[in-house]
1. Net charge near SER208, counting Lys/Arg +1 and Asp/Glu -1 over other residues with Cβ under 12 Å of its Cβ?
2. So, R0 is 35 Å and r is the distance between the beta-carbons of LEU82 and ALA156; what FRET efficiency does that work out to, to 0.05?
3. At a Förster radius of 30 Å, what calculated FRET efficiency corresponds to the Cβ-Cβ distance of HIS61 and GLN146, to the nearest 0.05?
4. Between PHE181 and LYS238, what length comes free when the chain is fully extended (0.36 nm per residue of separation minus the Cα-Cα distance, one decimal in nm)?
5. Using a basic spin-label model with each label point 7 Å from the Cα along Cα→Cβ, how many nm lie between HIS200 and ASN98?
6. In the stretch 120-176, what trypsin sites (Lys or Arg not before Pro) fall in a loop by DSSP, with at most 10 other Cβ atoms inside 10 Å?
7. Provide the packing ranking of 167-178, 70-81, i.e. peptides ordered by the mean count of other C-beta atoms within 10 Å per residue, highest first.
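Read the figures in this text as sums done on the coordinates, not as results from a lab. The structure presented is a predicted model; accordingly, all values stated were derived computationally and were not measured. Because the Cβ atoms are built from the backbone with ideal geometry, glycine has one as well, and the counts that use them run over all protein chains shown.
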Amino acid sequence: MNLRIKYFLFFLFSFSSFVLFAQDQVGDDDDDGFPAKKTSPENGKKNYYLFSSKVNITVPHAISNSSFKKCFVGIYEVSGGLNVFIYKGLFIGGNYENGLLKITQNKIPNYDVSMHLDNAAGKIGGDLYLGERNRVVFSTAISFGQNWTRYYGLVAKDPHKTVTNTSYNCTFYEPEVDLYFLADDNFGVGATIKYTVFDHTFDPYELSLNDWAAFNQTSAGSTQYLSFGFAVYYNFLKKKHQ
């Protein structure tokens, strides 16, 4: 794991851990010694829920591996998931993603290849309210799961040669940071950024991409991409006390 990834993960878990303590700053105790009821963001109190659903629409950008960046351009990635809050803003959950990357004309002319991704993962993370009115939610999480990748359109220039490495399965992990602006007590829209790392080496020679473009002999490397885009956040089944 390189140094950049280590710093990103440290940043992610630092904020996730901070959620457990930051939630106590507003409206935690009444004079009678019982926890205060959580009310709507309009009066500066926090509401806690049992479930949280999220949908992200992002664009992946190939990074780290120079040959991967040289070939593929991200088209879209759509993900959806359901989380269960286990204590205040701390949650566990599951997520599914579908994505598409392509070799475009500005990468390799006259060669139409697509890379289809399906990712399923479990995740752990935390939501943190920001501001006095609690109308902004900062969310961090990390996912671990399984990836299924399929290539379509791979061919070799030699008509007697067949490209056989057109699919693979591997594990992956994915740190994520989201920022939501609440339109209502339990609904918000905002932005998301994710860093996805596959336990798979992208090698252009295995895919016969060297028939169509020039690569150096050290061009193989880890498959990684950075995604950012639009996010929707919805909570349901309110908890009365925490």
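1. Net local charge, SER208 excluded: -2.
2. 0.20
3. 0.85
4. Length gained between PHE181 and LYS238: 18.7 nm.
5. 1.8 nm
6. Taking the stretch 120-176 and a limit of 10 other Cβ atoms within 10 Å, the loop trypsin sites (Lys or Arg not before Pro) found are LYS157.
7. 70-81, 167-178
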